[in-house]
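In what follows, a structure is listed as structure tokens, so that the remarks can point back to it.
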Amino acid sequence: MSRSMSERLKSRLAKPRRVFITPGGDEFAAWCNDHPGSAVELVVSARALHELAVEPGLPLADLDAVQAYAQQQFAHYFGATAQRFAIAPWKSGDAAGASALHGMDLAALRSERVHVAAVRPAWAVWLASLPAATRAGSGRAVWHEGEVAVVVQLDRGRVTALQSRRVNTLADLGGDVPLAIGTPDSDLTPQPGPATPQPDFLPRSARSPLAWPLAATGALVLATAAWSAADSHRALDTAQAARDRVAQLRPAPKPQPRRAAQPAENRGATEARAMLAMPWEPLLTRVETTGANAKSIAWLGLDASAGRGELRLEGLTPDKGLALQLAEQLGGTPGWGQVVLSRFSAAEPGLAGQRFEISARVPTGGGS
């Protein structure tokens, strides 16, 4: 079911809740019906996953390389069925691996009336919730779900191996006593400590750093516009009441030719209505999609003047060329005009990179 703009903004601003899902994911659909406009981090049961640990020494430079290798391996073991698997690669120092999601349709999970912020294996979410002292140790950490156990080997806080095994009881694992054992009833709240693998089944291009700042800016713009409109109406009502009281004290005027009534307006109310009428969803979506291709850009803010149809974006980049490229891509958007890199300067102390500003003329609610 499609979501309205207000639901989209609400879900982007909401703090993600963790929802544990099992093969099929039916419980998630029911949860979404009760929580429209929410944000969620899906925690996927080990029973809906296949795990792959990459052999040490393979020249896999980044997550894209790990994912490509994992897709080949899963296809080798599971055949044509593996083409439907969503893959979540991870790297931890010299170790690497990937989880494959089976028995669930990732697109269907993302089509619900909530914002899906992440889709992570349960073992990875649990590992990040362990106390720092435990995560910094050496030994085995075991995530256990009935007949499935995911064994994570730690070496002074670094993940060096990971294996999914079929078991009847934890005694089937043998070996030393695990550092920690997790189950679906465990507290999965993240804790500070050594970094752990964070595999995510969402496409990396979809996890744009623009999502939160732009959603927040859009919500702020709409809220400010609504407040401005309400405030303007209150001011008009107060002024009208004052005029009525003065009129009651004056002698009745001589009849005058009737003039057409003029609407009582002010610039604040006009701008408020223009803000509410602007096509925020396509505007924010275009900026978010374009910025997602420039992974090194960090967005600082967005400002808009609906009456003039002007938009101003501020961000940080390590390279002026990236900002120029971003301006060129936005300039190719139908309806966008006068897109220029209007400012480029050194960032303030404490901020990494160069600060830039892009200004543009954009469509308004009136179609201009």
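Values computed for the structure shown
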quantity: Residue, modelled with the lowest pLDDT, within the stretch 298-324, restricted to residues that are in a loop (DSSP other than H, G, I, E, B) and either touching a Gly at 6+ places or on another chain (Cβ under 6 Å) or not aliphatic (A, V, I, L, M) (or both); calculated: Gly307
quantity: Members of the stretch 77-97 found to be surrounded by 18 or more Cβ atoms within 10 Å (Cβ to Cβ) and part of a helix (DSSP H, G or I), listed by number; calculated: Ala82
quantity: Filter result for the condition that a residue is part of a strand (DSSP E or B), open to solvent by less than 50 Å² (accessible area, probe 1.4 Å) and either more than 22 Å from Trp143 (Cβ to Cβ) or touching a residue at least 24 places away in the same chain (Cβ under 8 Å) (or both), over Ala108, Ala100; calculated: Ala100
quantity: The stretch 138-157 - residue that is closer than 15 Å to Ser92 by Cα and part of a loop (DSSP other than H, G, I, E, B) and, of those, least open to solvent (accessible area, probe 1.4 Å); calculated: Gly157
quantity: Positions within the stretch 168-199 being exposed (fewer than 10 other Cβ atoms within 10 Å of the Cβ) and of a type in the set (Val, Ile, Thr), in sequence order; calculated: Thr169, Val177, Thr189
quantity: Answer residue from the stretch 325-350, given it is among the charged types (D, E, K, R) and either within 27 Å of the chain's Cα centre (by Cα) or in a helix (DSSP H, G or I) (or both) and is farthest from Gly309 (Cα to Cα) among those; calculated: Glu348
quantity: Subset tally (residues that are in contact with a strand residue (DSSP E or B) (Cβ under 7 Å, 6 or more places away or on another chain) and assigned to a helix (DSSP H, G or I)) for the stretch 12-61; calculated: 7
quantity: Matching residues in the stretch 53-62 - criterion: being touching a Phe, Trp or Tyr at 6+ places or on another chain (Cβ under 9 Å) and either modelled with pLDDT of 95 or more or open to solvent by 60 Å² or more (accessible area, probe 1.4 Å) (or both); calculated: Leu58
quantity: Neighbours by Cβ (under 8 Å, 6+ apart or cross-chain): first from the stretch 182-202, more than 11 Å from Trp90 (Cβ to Cβ); second open to solvent by 30 Å² or more (accessible area, probe 1.4 Å) and in a loop (DSSP other than H, G, I, E, B); calculated: Gln191/Pro131; Gly193/Pro131; Gly193/Ala136; Pro194/Ala136
quantity: Flag if Arg165 is open to solvent by 50 Å² or more (accessible area, probe 1.4 Å) and on the phi > 0 side of the Ramachandran plot; calculated: no
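The values are calculated or read from the model by the stated rules, or taken from the named source; none is laboratory data. Bear in mind that the values here come from a model prediction, so they are computed numbers and not experimental data. Cβ sites come from the backbone with ideal geometry, for glycine too, and all protein chains shown count toward neighbours. Please note that ligands, DNA and RNA were not included when accessible areas were found on the heavy atoms of the full protein model with its side chains. Shrake-Rupley method; radii C 1.70, N 1.55, O 1.52, S 1.80 Å.
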